[in-house]
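Read the structure below first, then the notes.
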Amino acid sequence: MAISSKTALQMFDNLSTAVMLFDKNLSLTCINSAGESLLSVSNRRIIGQTPEEILPYPPALAEMITRTLNTGHPYTERSLTLTLQNAHTITVDCKVTPILKGERVKEIIVEMVDADSLHRLMREENLMLLHDAARESLRGMAHEIKNPLGGIRGAAQLLERELAESDSGLVEYTRIIIQEADRLRSFIDRMLTSDQKQKIEKVNVHEILEYVCNLVEAEYKQAFRIIRDYDPSLPILHVDRGQVIQAVLNIMRNAVQATGDNGNIWIRSRILRQVTLHKRIYRHAVRVDIIDDGPGIQPEIENGIFYPMVTSRPEGTGLGLSIAQSLINAHGGIIEYERTDERTIFSVYLPTEQDHA
Ligand SMILES: Nc1ncnc2c1ncn2[C@@H]1O[C@H](COP(=O)(O)OP(=O)(O)O)[C@@H](O)[C@H]1O
Ligand SMILES: [Mg+2]
């Protein structure tokens, strides 16, 4: 079968595997979109560079490529950790294949798959199942509590009216019943928020982020700094504005609470290519990182933070992250947590395509 060079190029650029091609002088001649995205570089900048220049440390990959050049044999390596030009590290499964012309190596193909994201995906899937199961049973419970609650409140109101007439001072008690019933009701409503139907509209991510910043700045008196690092080229999202605001707000509140006085919070937005979310590959997704320099998640609860009612704060409900995760899941996205370089990072991934699960 013959394919046109245009089709071949399109195929090349749409592969989810990162592919680089080096000539016999070990200078990079081309790289596909997945490659640029994995290495966080742009095509224009690294064409012509050598493997040592592109991935200097450790030299494992450069050595594999040199070995292929010298022997004409292909090599593979699993879980290779490499440092990128931006100092971030990635872990990849890697394959180096020679293109031969007679006995001589003419060109070298390097294929890389992000092993981090493979592992993350597996972890994420298990987590998601557990999270769904926990929320499902809580949801059932919430409905069970909500129904009689209406009756209790109604009866207390009737009683209050009777007691008010007799002027016995007992009204105080009925008021407490009503107040507490209302509190429980709003707690349960919050627990059930992610059940609400979505109202999808066109939304600018940065508008949402600014809205949330204003809210938290008004809400907390403590001094904290918000440092913005926005990618201005982000596309418009099709999401339920209120729900995404709620999710981001819950994460931001936690960040403010964690940093205490004079804390720093960074908000970073990025566009990602070829992203797998809930087993679906999207051409593009948006990632919003909310980063704080607080002490991080306490180790005792680290594995459970996305579960409902897991909290370390005396006045906490433990619903914030669980609700945020459910709302973002309902948009086909995910929220991840990471702790690196003394920073707590919550990343919200949202696909940019309109068709949600
Ligand atoms: N940015 C953060 N830094 C440190 N700990 C955090 C952060 N975000 C969440 N947590 C931890 O996760 C727990 C659960 O958060 P959440 O679901 O919002 O419930 P709540 O805020 O009511 O405790 C918090 O009690 C806190 O211990
Ligand atoms: Mg919270």
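Within region 12-71, count every residue that is of a type in the set (Asp, Glu) and under 28 Å from the mean Cα position of the chain (by Cα).
Filtering region 12-71 down to residues of a type in the set (Asp, Glu) leaves 13, 23, 36, 52-53, 63.
Now drop any that are not under 28 Å from the mean Cα position of the chain (by Cα), which leaves 13, 36.
So the answer is 2.
When Leu138 is evaluated against the numbered criteria (1) under 21 Å from the mean Cα position of the chain (by Cα); (2) not assigned by TED's automatic domain parsing to the domain that holds Gly260, which criterion, by number, is the only one it fails?
(1)
Please go through region 332-357 and pick out each residue that is in a loop (DSSP other than H, G, I, E, B) and in contact (Cβ under 8 Å) with a residue 40 or more places away in the chain. Give the derivation first.
Residues of region 332-357 in a loop (DSSP other than H, G, I, E, B): 332-333, 341-342, 352-357.
Within region 332-357, Gly332, Gly333, Glu342, Thr352, Glu353, Gln354, His356, Ala357 qualify.
Would you be able to tell me the number of residues in region 96-108 that are open to solvent by 90 Å² or more (accessible area, probe 1.4 Å) and closer than 26 Å to Ser40 by Cα?
Within region 96-108, residues that are open to solvent by 90 Å² or more (accessible area, probe 1.4 Å) and closer than 26 Å to Ser40 by Cα number 0.
Could you run through region 206-231 and say how many residues are closer than 17 Å to Ile267 by Cα, out of contact with any helix residue (DSSP H, G or I) (no Cβ under 8 Å at 6 or more places or on another chain) and either open to solvent by less than 80 Å² (accessible area, probe 1.4 Å) or free of Cβ contacts under 8 Å to residues at least 12 places away in the same chain (or both)?
Residues that pass the stated criteria total 9.
Counting only residues that are on the phi < 0 side of the Ramachandran plot and within 16 Å of ligand 2 (Cβ to nearest atom), how many does region 211-270 have? Give the steps one after another, and end with the answer.
We begin by selecting, within region 211-270, every residue on the phi < 0 side of the Ramachandran plot; these are 211-259, 261, 263-270.
Next, from what is left, pick out any that are within 16 Å of ligand 2 (Cβ to nearest atom): 212, 215-216, 219-220, 222, 224, 245-259, 263, 265.
So the answer is 24.
Criterion first (within 24 Å of Arg270 (Cβ to Cβ) and either open to solvent by 50 Å² or more (accessible area, probe 1.4 Å) or among the small types (Gly, Ala, Ser) (or both)) does Val113 satisfy it?
Details: within 24 Å of Arg270 (Cβ to Cβ): yes; either open to solvent by 50 Å² or more (accessible area, probe 1.4 Å) or among the small types (Gly, Ala, Ser) (or both): yes.
Yes, satisfied.
Evaluate the following for Ile99: is it of a type in the set (A, V, I, L, M, F, W, C), in a helix (DSSP H, G or I), modelled with pLDDT of 85 or more and more than 30 Å from the chain's Cα centre (by Cα)?
no
Take the residues in region 241-263 that are out of contact with any helix residue (DSSP H, G or I) (no Cβ under 9 Å at 6 or more places or on another chain) and more than 10 Å from ligand 1 (Cβ to nearest atom), then tell me which one is modelled with the lowest pLDDT. Before you say what the answer is, go through the steps one by one.
Filtering region 241-263 for residues out of contact with any helix residue (DSSP H, G or I) (no Cβ under 9 Å at 6 or more places or on another chain) gives 242, 257-262.
Keeping just the survivors that are more than 10 Å from ligand 1 (Cβ to nearest atom) gives 242, 260-262.
Details: Gly242: 92, Gly260: 84, Asp261: 88, Asn262: 89.
For region 241-263, the residue satisfying everything is Gly260.
Quick test for you: out of Glu342, Glu353, Glu300, pick the one residue that is out of contact with any Asp or Glu (no Cβ under 9 Å at 6 or more places or on another chain) and farther than 25 Å from Leu38 by Cβ. Outline the logic, then answer.
Values: Glu342 fails: out of contact with any Asp or Glu (no Cβ under 9 Å at 6 or more places or on another chain); Glu353 fails: farther than 25 Å from Leu38 by Cβ.
Result: Glu300 is the single residue among Glu342, Glu353, Glu300 that is out of contact with any Asp or Glu (no Cβ under 9 Å at 6 or more places or on another chain) and farther than 25 Å from Leu38 by Cβ.
Filter region 292-331 down to the residues that are more than 16 Å from ligand 2 (Cβ to nearest atom) and either surrounded by fewer than 20 Cβ atoms within 10 Å (Cβ to Cβ) or over 22 Å from Met191 (Cβ atoms) (or both) and list them by number. Talk me through it step by step, then tell me what you get.
Step one: of region 292-331, the residues more than 16 Å from ligand 2 (Cβ to nearest atom) are 293, 299-300, 303, 329-331.
Correct list: Asp293, Pro299, Glu300, Asn303, Ala330.
Considering only region 281-297, state which residues are charged (D, E, K, R) and more than 17 Å from Val348 (Cβ to Cβ). Outline the logic, then answer.
Our first condition is that a residue be charged (D, E, K, R); within region 281-297, this holds for 283, 287, 289, 292-293.
Listed by number, the residues that qualify are Arg283, Asp293.
Can you tell me how many residues within region 308-331 are at negative phi, assigned to a loop (DSSP other than H, G, I, E, B) and within 12 Å of ligand 1 (Cβ to nearest atom)? If you could, list the steps in order and put the result at the bottom.
Within region 308-331, the subset at negative phi is 308, 310-317, 319-331.
After this cut, where a residue has to be assigned to a loop (DSSP other than H, G, I, E, B) as well, the list is 308, 310-317, 319, 330-331.
Add one more test, that the residue is within 12 Å of ligand 1 (Cβ to nearest atom), and what stays is 308, 310-317, 319.
Adding up the residues that qualify gives 10.
Anything in region 332-357 that is within 16 Å of ligand 1 (Cβ to nearest atom) and surrounded by fewer than 19 Cβ atoms within 10 Å (Cβ to Cβ)? List them, or say none.
Of region 332-357, the ones within 16 Å of ligand 1 (Cβ to nearest atom) are 334-348.
Matches in region 332-357: Glu336, Tyr337, Glu338, Arg339, Thr340, Asp341, Glu342, Arg343, Ile345, Ser347.
Among the candidates Arg287, Arg280, Arg253, which residue alone is basic (Lys, Arg) and open to solvent by less than 60 Å² (accessible area, probe 1.4 Å)? I'd like the intermediate steps shown before the answer.
Working: Arg280 fails: open to solvent by less than 60 Å² (accessible area, probe 1.4 Å); Arg253 fails: open to solvent by less than 60 Å² (accessible area, probe 1.4 Å).
That would be Arg287, the only listed residue that is basic (Lys, Arg) and open to solvent by less than 60 Å² (accessible area, probe 1.4 Å).
The values are calculated or read from the model by the stated rules, or taken from the named source; none is laboratory data. Since the model is a prediction, treat every value here as computed from it, not as a measurement. Cβ sites come from the backbone with ideal geometry, for glycine too, and all protein chains shown count toward neighbours. Accessible surface areas use protein heavy atoms only, side chains included; no ligands, DNA or RNA. Shrake-Rupley method; radii C 1.70, N 1.55, O 1.52, S 1.80 Å.
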